[in-house]
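Below: one structure, written as structure tokens.
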Amino acid sequence: MRLQTRRRLFQSGFFTLFVLAPPLDLLRLDLTLGHFILLGQDWTLGLEAFLHGEAGPGAVAWGLFWRALLPIVLVVGGGVCAAWRWGRLYCGWLCPHFSVVELINGLMRRASGKPSLWERRPLPQRRPDGRIQVPGRLWWPLTGLAALAFAFLWALTLLGYLLPPFELYHNLLHATLTPNQLRFLGVGTTLLFIEFTFARHLFCRFGCAVGLFQSLAWMANDRALVVGFDSRRARECGDCNNACDNTCPMRLKPRTLKRKMFTCTECARCIDACGQVKAHTPQGGLLAWVQGDAALPVVTGRPAVRSPQLRYPDGERVIPLKEVTS
């Protein structure tokens, strides 16, 4: 199974989990009850029992530790450790927002030839696999509809994390939403529609706190997973239309220093695009994931001291690389 196919399956599965978690009571904060629901069970801190004299200070302290502090430490600590080693892997492989970003980017490129309204010029019509994709105005209605549909779905899902989902969906199906529910859905859908239409990857790059902390942890590890470029074969890029740059959903340039790829999501679309362009060459693509000592040249810009091994995403081809520079 191709890497991008596996990634799409991960994204689809996590997006489905994101949408179904509230109605299935997997995880939500019920404002009407004043506490979390986790796996169908009430997740409280035990403060009410203390206020009613049914529990002592020791029991309350233990409840605060294992029901509040410990989960926060495990989730945040686990996320930081994963980002320190693999970068923004959550963004590129799981994040339900980034999956929408990529989908609308693709639709907008079909409509205008550009992945966003802010691109200066259309991207080449020739795709990395050799197919010609000619923009067509008929794709604009589908692009707008997709942005609106996902905006409403996101707003509805977020509201489901705060209110009893059965009541919310019942009111929606019977057109009996309360004024507050209508306001939340109206404002949320409008704001998300604007974001999905005009911002998307710009929000991921400059506005997402989760992505920012992942990037900071990643930058702190010079040996973390990063996209490496085989500079010895740089001349081979002359017959390419910058397929790796054009396919990046974050609009980055993969053949550069790590600090200039601060918001890389490790989606590997650049690696896949380069591999498709160079599929007819014995050496394959010029881009590959590198880690450990092999990642240092991407950080420093200096040639590697020893010959590392670059492994391609399909796991089948391994080539020696004496230097990996930006």
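Brief remarks follow.
- So residue 224, is it farther than 26 Å from residue 121 by Cα, among the aliphatic types (A, V, I, L, M) and not in a helix (DSSP H, G or I): yes
- The listed residues are 103, 74, and the only one of them that is at pLDDT 90 or above, under 30 Å from residue 125 (Cα atoms) and either part of a helix (DSSP H, G or I) or of a type in the set (Phe, Trp, Tyr) (or both) turns out to be 103.
Yes/no per residue for (1) surrounded by 17 or more Cβ atoms within 10 Å (Cβ to Cβ); (2) of a type in the set (A, V, I, L, M, F, W, C); (3) touching a residue at least 40 places away in the same chain (Cβ under 8 Å):
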{"residue": "249", "(1), (2), (3)": "yes, no, yes"}
{"residue": "252", "(1), (2), (3)": "yes, yes, no"}
{"residue": "265", "(1), (2), (3)": "yes, no, yes"}
{"residue": "273", "(1), (2), (3)": "yes, yes, yes"}
{"residue": "278", "(1), (2), (3)": "yes, no, yes"}
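- Any chance residue 66 is at pLDDT 90 or above, aromatic (Phe, Trp, Tyr) and open to solvent by 40 Å² or more (accessible area, probe 1.4 Å): no
- Of everything listed in (1) surrounded by 18 or more Cβ atoms within 10 Å (Cβ to Cβ); (2) touching a Lys or Arg at 6+ places or on another chain (Cβ under 7 Å), the single unmet condition for residue 241 is (1).
- Segment 109-221 holds helices (runs of 4 or more DSSP H) entirely within its bounds, and those carrying 1 or more residues that are farther than 30 Å from residue 37 by Cα and open to solvent by less than 40 Å² (accessible area, probe 1.4 Å) map to 139-160, 201-206, 209-219.
- Residue in segment 86-100 that is of a type in the set (Lys, Arg) and either open to solvent by less than 20 Å² (accessible area, probe 1.4 Å) or under 16 Å from the mean Cα position of the chain (by Cα) (or both) present: yes
- Residue count, segment 15-31 (criterion: loosely packed, with under 14 Cβ neighbours inside 10 Å and within 28 Å of residue 58 (Cα to Cα)): 1
- Scope segment 1-14; condition open to solvent by less than 50 Å² (accessible area, probe 1.4 Å) and touching a Leu at 6+ places or on another chain (Cβ under 8 Å); matching residues: 11
The values are calculated or read from the model by the stated rules, or taken from the named source; none is laboratory data. From a predicted model like this one, the values you see are computed outputs, not experimental measurements. Cβ: placed from backbone, ideal geometry, glycine included. Neighbour counts: every protein chain shown. Surface areas here come from the heavy atoms of the whole protein model, side chains and all, with no ligands, DNA or RNA. Shrake-Rupley method; radii C 1.70, N 1.55, O 1.52, S 1.80 Å.
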